[in-house]
Every structure is written in structure tokens, then in C-alpha cells.
Amino acid sequence: MKSLLLGNEALAQGSIDAGLSGVYAYPGTPSTEITEYIQRSKLARELKIHATWSVNEKTAMESALGMSYTGLRALVVMKHVGLNVASDVFMNMSVSGINGGLVVVVADDPSMHSSQNEQDSRFYGKFAMIPILEPSNQQEAYDIMHYAFDLSEELKLPVLVRMVTRLSHSRAGIELRERRAQNVMQLPTDTSRFALLPMNARKQFDKLVNKKAILIKLSESSSLNDLKLSQHNDVGIIACGIAYNYVMENIGDDVSFYSILKISQYPLPKEKIKKLYKHCDKIIVVEEGYPLVEELLHDYFNKNDKIKGKLTGDIPLTGELNPNTVGKSLGIFQNISKSIPEIVSGRPPQLCEGCGHTDLFNTINELIPEIGNKNVFGDIGCYALGALPPLKTVNTLIDMGASITMAKGAADAGLENAIAVIGDSTFTHSGMTGLLDAVYENSPITVIISDNSAIAMTGAQESSAVGRLHKICLGIGVHPDHLKTMIPLNKNHEQNVELLRNELKYKGVSVIISERPCVRLSRDKKEEIKAKIASLS
Amino acid sequence: MKTNIILSGVGGQGILTIAAVLDTAALSENLFVKQSEVHGMSQRGGAVQCHVRISDKQIFSDLIPEGKADLILSVEPMELLRYTPFLNKYGWLVTDSHPFINTDNYPDKNDLFKQIKKHPYHIIINATEIAKKIGNSKVTNMVLLGAAASIIPLSEESLLDAIKKLFQHKSDKIISLNLKAFFEGKKIAKEITNLATNI
């Protein structure tokens, strides 16, 4: 019987079977299950595959590069916006190149199911001039990892594997292959390429630019980029990654009427595209994300009416694809779209019953009439739901760590009573440096670290902040008189309001750590955390 | 053979367990399966759905096209109606009658039932109540699976084996509770549908 795996799990198992020695990651929907699968895998434990969470995507990618430096195969995993955090090392390691195979898996979230934007990571791959692989289904997500690691070692370049929510979070039966042995440590013969001083970096950058021809050649011959020309020459379809499934779903048994180029490896195979273009009267580009391929086609052939896609309005520019929108673009009859009965009301996500964040927001809300209703800067995590009714406490939510620094900037501008609300894990991910900025100038802000001892939104993974927040804040230079603790419980409400009111009066940096474990943590887990805090204090 | 099933409910109501039973049963019959689910923010008390596709041929899209679902199985009546645009002409609606109210503007449940009854093929049962009578409201999902079993083109044997397999690491008591829930759902659905044909 086949193994039933999520796209993410198939990819994780594929990595293990491709000789992986370590995965580095910070949780983020829709990428989280890749690392979790490796953490739970008995085989991965036997093989001593490193699988502990990193503090953020940048530290994760740098650690993966360090493992690759020693000659071992390393995987680094993140959601699309995580790549923004890791972009510094990402852009530079394509210049230095890698040693042991290094694969960067980025899961994009078109339709923003759990994200702030729908940026398309293929642009990052193109920007860094490295190969991009884009599996179309779960079996391919499994199989592609063997190829990705081999390709990475062959080219001495990191390889980007782009996933999307729908593939990450959809299951199918997978056939597994034989496992390749892990690499043994072998340090690079010449380390100078990893020392990107200008004289080395220039050489390396030349090498990188010159590899482009090889990358294109590989894309031309890759079985992942499969061109099937039909006897009919009406419609040619370029279907990228998961878009291929929506195309095939629609054309079903009529496959012989269409010429199809399936793309799962970039840079684009220009010759194959030219062949298709010449052969067909009309070209439809179906891709999940931004119109990257479509734009390139307009470059290749001068913008013209023959090329259809997102830019021509044949496919929506925003949101994820689905079988209906793709079918419509192909001119295939779609059932007339029915609407949801009017009686059905929305059911947005909300904080869990008994969640400590709610009590914290009730405390802040008590002071809103005194301080104004636009002073609370929020951050990424469950507590972002505090921006929605009925709480409506939080005003901003931009990126990991922005609560503290935006509050500081607003305070610099003269805003009084600026409050930042940030979770424990988001604080260690990207809040600590911003806090140092505020401490350095003793900015008049009140930072509330809502500490639930977990990375809750993504499934209550262990937070590296556990038991360390006080010491970190003191170490950064927060004054001990203005480092406070509160327990966000209804019975402490009055006391907590008073505490916050007092700290808001202080015209310098205050940090209040609001401590209550996530309600989703099991009793055992809570005990474990208690023991850890005790051992660290 | 191709069957498209949408499972719906509110985050935390156990629709993924129903999906896991369907997947396991389908794979045991050597069929192809695709199952798309929701992870992340919506799981926090929001509307969640799961597309399960079972076929004897390769399945391409992870998502069911609109108007192509053969069955919508919901653990919550309003969440059932949210996905009716996916239902095909002869498709079935099976739902728990018990509403999960966590919003201010939740509609009158009788209006919801009226709306559901506009569809010719529907089964509305108080699965939560049945599950409680059996001994645990957590098996509501298995009551509903039982109620829908005759509509799903998988053998009862493989569904039951899948339930056993899925709960094998739990106690025998939990396994038998889930099986009992399945049979109870099946029985009550049969009574209702017989009644419906008599009318």
C-alpha cells in the first residue's frame, strides 16, 4: 500500500531518503509540517538528522550553509515571507556556492490563507540566479528532492524548491524509493570562495553569472519540463507547478487537442518555449503566483496578443488558482457559479476560549479611553487576531518584530503611550534587535511580551524564548525597575491595568512580560516547560 | 469511478479524522486519493473544509471544481451551506443539526434547515446528541460518517477496518465507541431516508 502523505510530508520523506543530515527551519504556515515530519521520523532519529527549530529563517539558512560547508546535505525550510528574513544569506550563498547539497524549500501562500502577502518566491530564485524546482504533485514533491540535492552538488549551488499552500496541505498516496546514504564530512578544498571579500566575491559572481547557460541547458533536457505537441495547433498551454493539475483536470480525455509544456524546473527552457510558441496560434500561461513566466514570454517574443494569462485578464492576478478559473481561461465550459446562500454568515478565526492573549487585550482595552485607540502596535502570531472584533485592540501587523520598532518610530515622532504587543517567539525571532534600538535611545514605549511559551499559531512548537525572556531583556539593557511581569487572568485584571498604567507614565523603555502558557499545550508539555524555566532561572 | 466529497465544520471539530478514515479505506481498495485540508490561522475557531477525491484513475486537481461534489458531509449546519456551490445536481448533503455558535450574527437554525431542505437529497441528524448518548460527543464525526456511508462508494468493511487502524494506538474502548457511533449513524440515516422515499 502507498504511504498517504501531505505534499509537505512527501517532500520531507524525500529529503530523508536523499541522504539528508540536517533540516533547519522556523515554523510558518504553510511550511511547518516539513520539519515536524522529520522531527517525528524514527528513521531520521536513527540517522541522527538534525531537526531542532531555529530562532528565525536567517539563522536557519546560515546553519544549513554551515552544515553544507562540511560536505553534508542540508535542508532549510520556510514560508515565503521567511525568505525575506533570510534573503541576506540567500543572495550571498549563491555567490559563494555550497559544498554538500543545500536545498531551500519555500512554501508560498497564494490567497493569503495564513499570511500578510502572496509574494512569489520564484522571483527570489531568479534574483539569486539559482535553479528553481516546482513540483506539481505529492509524488513529484517526493521524487524531486533526490534530484534537487544531486543538482545542488553538481552545480555547487543552492537549489530552491517552491511549494504552494495547496500542494503543501494536500495528501496523496506516495511510492517511496530506495534511500541514498548520507554524505561523510568533507571540507571544501578551497575555502576562499566562502570568504566573500570583494576580490573573491567578484570571481565568484562571474562564475555564477556564467553558470546561467548550464542551468538553461539542464532545464531544456530536464524531464520535469515536459513538452507534448499536439497535431492541432490552436492552443498551447504553459503550465507551471501545481497549475499543471488544474489544466489536466479540465482537459481530461481531450488531451490530444492541446499542446502542453509542463514547467517544473527554472530557469525556463527557452528552446522548448520557442517550439511551442511557433507551433500554436495561442499560448496560455497558467502559473500560481505572479505572472513571472508570462512576463518573460513577452520579453522573448515582444509583447503580443498571442500570449494570454494573468496580464491579459484571462486568469485573475490575485488569489490562488482553482480548477474553475483555469478551465475558464482555457475556454472550457464551467458550471455556472452558484453563490453561497445569503443566510450563511462569516466565521473568521478567533482566539481560543480561555486564551491568555484575550485577558491581556482586555487589560489594554481598559486604558484605551485614556490613551487613544490608535497606539497599539501588533505583531505576527495568534495575538494578531486582537486586531479583529470584538477586541479590536491592535492597530498594526506588518512583519515579524515590527511592533517594537514601529512603536519606537511613532514615539520618536512624538506619539505618547505607544504600546508594542509581541509574542515570546516573535520577540526572539526578530524583536530583540529592535528592543536594543529602543533601549539605546531610551524611547518612551511600553513593550508587552505576551509569553505563552509556544509558537502557538503554527501548532504550539517549542519556543526558544522559554525561560530566557527576563535575562534577554536585562542583557539588552532594559532597566530592572521597568521590567515587569503580569499574569493575564481575569482575577488580576485591576492589578494588571494599574501596572500598565504606571509603565505608560514612565517616559522610557518598559517591558512587561505577560506570562501564561498557551491553552493548547497539553498538561505534560506545560509541566515540561515549568521544569525548563526552573532549570534556567 | 470518481467521487468528490467535501467535509466541513469549524476548526477543531474533527473533520480531518473523517478524512483520514476515507483516505485509508480508499487506499486499502487500491484507489487513488487526494485530500486537501486547511492548516494555520483558520483552524482557530474559523470555518474549515477538506476536499477528498477518490478515483480508480489518476486524480489531478487537489481541489474539487464547483458543481462537482457528490457529497458534502458537515459536522455543523451553517458550514454545510457554505459549500453548497460545490454540490452537483444529484449530490447529497449530510449534516449534524447541532449548531456551533461562536459569532454574534449566527442565523436562526430553523432557517438553516429550511435552506438545506431545498436540496432534494439531504440527511439532517442530531449527531452530537447521538454521540453523547453513546458516551462521548467526540465521536460525533463517526456518527456522521456512518450516516453518509451508504452514499460513499467504499465498502463498509474497508471503512470499518480504517477506523480500527486509525485508533489502533488507543484503547479498545475508544475503538468500539467509534464503531458504535458509525453503526448508530448508519441506522438512523437509513430510517430517515426510508421515510423520505415513502413520502
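The values are calculated or read from the model by the stated rules, or taken from the named source; none is laboratory data. Everything numeric here is computed off the predicted structure, so don't read it as measured data. Virtual Cβ from ideal backbone geometry, glycine too; neighbours counted across all protein chains shown.
Computed values, structure above
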read-out: Segment B:61-115 - residue that is hydroxyl-bearing (S, T, Y) and at pLDDT 95 or above and, of those, nearest to A:Y246 (Cα to Cα); value: B:S61
read-out: Segment A:352-368, residues that are under 26 Å from B:E76 (Cα atoms), hydrophobic (A, V, I, L, M, F, W, C) and either more than 7 Å from every other protein chain (Cβ to nearest Cβ) or loosely packed, with under 12 Cβ neighbours inside 10 Å (or both); value: A:C355
read-out: Looking only at segment A:145-168, and only at residues there that are in a helix (DSSP H, G or I) and of a type in the set (A, V, I, L, M, F, W, C), the one that is nearest to the other protein chains (Cβ to nearest Cβ); value: A:L167
read-out: Counted residues, segment B:60-70 - those being crowded, with 23+ Cβ neighbours inside 10 Å and more than 9 Å from chain A (Cβ to nearest Cβ); value: 1
read-out: Qualifying residue in segment A:102-109 (condition: within 20 Å of A:I144 (Cα to Cα), part of a strand (DSSP E or B) and more than 14 Å from the chain's Cα centre (by Cα)); value: yes
read-out: Exclusive hit being out of contact with any Cys (no Cβ under 6 Å at 6 or more places or on another chain), surrounded by 12 or more Cβ atoms within 10 Å (Cβ to Cβ), over 30 Å from A:V286 (Cα atoms) and more than 14 Å from every other protein chain (Cβ to nearest Cβ), set A:I371, A:I343; value: A:I371
read-out: Count of segment B:1-25 residues which are facing chain A (nearest Cβ under 9 Å) and either modelled with pLDDT of 95 or more or more than 16 Å from B:I72 (Cα to Cα) (or both); value: 6
read-out: Per-region count, segment A:15-42, residues touching a residue at least 60 places away in the same chain (Cβ under 8 Å) and among the hydrophobic types (A, V, I, L, M, F, W, C); value: 4
read-out: Pairs, first more than 19 Å from A:Y147 (Cα to Cα) in segment A:1-14, second surrounded by fewer than 19 Cβ atoms within 10 Å (Cβ to Cβ), C-beta under 7 Å, six or more apart; value: A:M1/B:S28; A:K2/A:E175; A:S3/A:L176
read-out: Residues satisfying the stated conditions in segment B:172-199, i.e. touching a helix residue (DSSP H, G or I) at 6+ places or on another chain (Cβ under 9 Å) and small (G, A, S); value: B:A181, B:G185, B:A189
read-out: Boolean, B:V52 is out of contact with any Pro (no Cβ under 7 Å at 6 or more places or on another chain), buried (at least 24 other Cβ atoms within 10 Å of the Cβ) and outside any helix (DSSP H, G or I); value: yes
read-out: Unique match (being outside any helix (DSSP H, G or I) and either among the basic types (K, R) or not assigned by TED's automatic domain parsing to the domain that holds A:T426 (or both)) among A:K471, A:K507, A:K530; value: A:K507
read-out: Flag if A:K262 is in contact with a Ser or Thr (Cβ under 9 Å, 6 or more places away or on another chain) and of a type in the set (K, R); value: yes
read-out: Residue that is within 23 Å of A:L499 (Cβ to Cβ), buried (at least 18 other Cβ atoms within 10 Å of the Cβ) and either polar (S, T, N, Q) or touching a His at 6+ places or on another chain (Cβ under 8 Å) (or both), where the choices are A:S463, A:S453, A:S430; value: A:S453
read-out: Unmet criterion (only one of (1) buried (at least 21 other Cβ atoms within 10 Å of the Cβ); (2) out of contact with any Asp or Glu (no Cβ under 7 Å at 6 or more places or on another chain)) for A:N84; value: (1)
read-out: Helices (runs of 4 or more DSSP H) completely within segment A:236-339 that count 2 or more residues being at the interface with chain B (Cβ under 10 Å from one of its Cβ atoms); value: A:243-251, A:323-329
read-out: Where A:G409 falls short, out of the listed (1) at negative phi; (2) touching a residue at least 24 places away in the same chain (Cβ under 8 Å); value: (2)
read-out: Residue within segment A:253-262 that is under 29 Å from A:I49 (Cα atoms) and in contact with an Asp or Glu (Cβ under 8 Å, 6 or more places away or on another chain) present; value: no
read-out: Residue tally, condition surrounded by 19 or more Cβ atoms within 10 Å (Cβ to Cβ) and in a loop (DSSP other than H, G, I, E, B), over segment A:474-488; value: 2
read-out: Residue that is of a type in the set (K, R) and surrounded by 20 or more Cβ atoms within 10 Å (Cβ to Cβ), where the choices are A:K274, A:K303, A:K262, A:K270; value: A:K262
read-out: A:T312 closer than 24 Å to A:G125 by Cβ, polar (S, T, N, Q) and at pLDDT 95 or above; value: no
read-out: Answer residue from segment A:127-144, given it is part of a helix (DSSP H, G or I) and either of a type in the set (G, A, S) or touching a strand residue (DSSP E or B) at 6+ places or on another chain (Cβ under 7 Å) (or both) and is farthest from A:S21 (Cα to Cα) among those; value: A:A128
read-out: Matching residues, segment A:356-388, being out of contact with any Pro (no Cβ under 9 Å at 6 or more places or on another chain), hydrophobic (A, V, I, L, M, F, W, C) and assigned to a loop (DSSP other than H, G, I, E, B); value: A:I380
read-out: Residue in segment A:233-246 that is without any contact (Cβ under 8 Å) to a residue 40 or more places away in the chain and either surrounded by fewer than 16 Cβ atoms within 10 Å (Cβ to Cβ) or of a type in the set (S, T, N, Q) (or both) present; value: no
read-out: Qualifying helices (runs of 4 or more DSSP H) (wholly inside segment B:72-174; at least 2 residues being within 14 Å of chain A (Cβ to nearest Cβ) and under 15 Å from the mean Cα position of the chain (by Cα)); value: B:77-82
read-out: Yes/no for A:M400 being under 20 Å from A:V376 (Cα atoms) and in a helix (DSSP H, G or I); value: no
read-out: Test: residue in segment A:180-188 that is surrounded by 19 or more Cβ atoms within 10 Å (Cβ to Cβ) and either within 14 Å of another protein chain (Cβ to nearest Cβ) or at pLDDT 95 or above (or both); value: yes
